[in-house]
Amino acid sequence: MSLATREGRRQKLPPEQPSIPQRSGGTGAYWMYLLPGFALLLVVVIVPLIWNVYLTFTKWKGVRTPEFIGLENWQKILTDSDFWTSFTNSVWMILAMVVVPTIVGLVVAALLFDVVGRKFGGRVGSFLRATYYLPQILPIAVAGIVIGWIVRPGGDGALNQILGAFGLPSYDWLGQMPSALIVLMLVMVWVQLGYPVVVFMAALQRVDPELYEAAELDGANWLQRFTAITMSIIRPEIFVVTLTCTIAALKVFGPVYIITRGGPAGATLVPAYYAYQEFFTKRNVGYGATIATVLTIVVVIVSIVFIRVQNSLERKERAGL
């Protein structure tokens, strides 16, 4: 029997069935489930964003019809010292909400997982992780009231009472620079630290403990295990934490509003609070919309840069470079 005859007698394999059952009418019905989410996105994000961009070209007090003024708001923002001060303070917020919490959180998570968890058990590590995360779930208004009581000027503040017990004079912590910015940054470190700790500890769960044991047998100390094993395995989570914390730092509002109100004399002003002042205090809606639009553009650019860098590093890692 020829090869062609044998090939012809072979039975054809049945076509591969899709894992998701297909309707006879196509996939059009599945799009119906996306309509509620798309409608919500349209109403909550897209329409307000378009309206906000339109307001940047207007002068408006919030009532009557907006007056079109062209690029005046955009020209004003280039020479506004308060605007540039607010973005300068955003750099300090990034230091307090991204750099310090990410580095400290990474070290704390590695210690809880590699040292505390192995010596004292997982329950102790989980308890300490929860204590670090507690400020994240604490309402910022409550935290602001507590911090305000601690650094209250005069003899009523808890910190000044401690200074008085040692014979030191009281200090107006929030009434002058640089103490006001330092207090605000310390609060942000305290609030933000729990987030990277939880994320990194969750990422460390996929690290094979045998890697640490093998490294210990080879004579590696904790720092060497941390740099060679921990850092390389949880790199994606480091990017996620850095990106989300950077976005949060750029648009931070609550702590500034509760603790310093941008003072003293605008020294702790940040873009989100400055836009709030223009919107609701000065009723200069057009200029406030311009500040908010610039902040949105900066957040989008930062997000794109982070994602592109992460994708580039992943491609190099897959290529073995």
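Annotations
- Which numbered condition Gly70 misses (of (1) surrounded by 15 or more Cβ atoms within 10 Å (Cβ to Cβ); (2) more than 21 Å from Gln277 (Cα to Cα); (3) of a type outside the set (A, V, I, L, M, F, W, C)): (1)
- Residue check, Val43 under 27 Å from the mean Cα position of the chain (by Cα), aliphatic (A, V, I, L, M) and either at pLDDT 90 or above or loosely packed, with under 12 Cβ neighbours inside 10 Å (or both): yes
- Of all positions in segment 120-130, none carries a residue that is in contact with a Pro (Cβ under 9 Å, 6 or more places away or on another chain) and not aliphatic (A, V, I, L, M).
- Where Phe306 falls short, out of the listed (1) open to solvent by 30 Å² or more (accessible area, probe 1.4 Å); (2) within 21 Å of Leu184 (Cβ to Cβ); (3) touching a Leu at 6+ places or on another chain (Cβ under 7 Å): (2)
- Test: residue in segment 107-114 that is open to solvent by less than 60 Å² (accessible area, probe 1.4 Å) and over 30 Å from Met231 (Cα atoms): no
- Residue within segment 258-276 that is in contact (Cβ under 8 Å) with a residue 40 or more places away in the chain and open to solvent by 40 Å² or more (accessible area, probe 1.4 Å) present: yes
- Selection from segment 277-292 of residues that are surrounded by fewer than 16 Cβ atoms within 10 Å (Cβ to Cβ) and on the phi < 0 side of the Ramachandran plot: Phe280, Thr281, Lys282
- Checking each residue in segment 73-89 for being in a helix (DSSP H, G or I) and either surrounded by 21 or more Cβ atoms within 10 Å (Cβ to Cβ) or more than 23 Å from the chain's Cα centre (by Cα) (or both) picks out Asn73, Trp74, Gln75, Lys76, Ile77, Leu78, Ser81, Asp82, Phe83, Ser86, Asn89.
- Count of residues meeting criterion [open to solvent by 70 Å² or more (accessible area, probe 1.4 Å) and either within 24 Å of Gln192 (Cβ to Cβ) or at pLDDT 85 or above (or both)] in segment 154-167: 4
- Whether a residue is hydroxyl-bearing (Ser, Thr, Tyr) and in contact with a Ser or Thr (Cβ under 7 Å, 6 or more places away or on another chain) was assessed, and Thr65 does not pass this test.
- Selection of helices (runs of 4 or more DSSP H) fully inside segment 106-153 by the criterion of at least 3 residues being closer than 23 Å to Phe253 by Cα returns 122-137, 140-150.
- Considering segment 244-257, the residues that are of a type in the set (Gly, Ala, Ser) and open to solvent by 10 Å² or more (accessible area, probe 1.4 Å) include one that is nearest to Phe87 (Cα to Cα), namely Ala248.
- Residue match in segment 174-196 (condition: farther than 28 Å from Val99 by Cα and open to solvent by 60 Å² or more (accessible area, probe 1.4 Å)): no
The values are calculated or read from the model by the stated rules, or taken from the named source; none is laboratory data. All values derive from a computational prediction rather than experimental measurement. When we count neighbours, we look across all protein chains shown, and the Cβ atoms used for this are built from the backbone with ideal geometry, even at glycine. Just the protein is used for accessible areas: all its heavy atoms, side chains included, with ligands, DNA and RNA removed. Shrake-Rupley method; radii C 1.70, N 1.55, O 1.52, S 1.80 Å.
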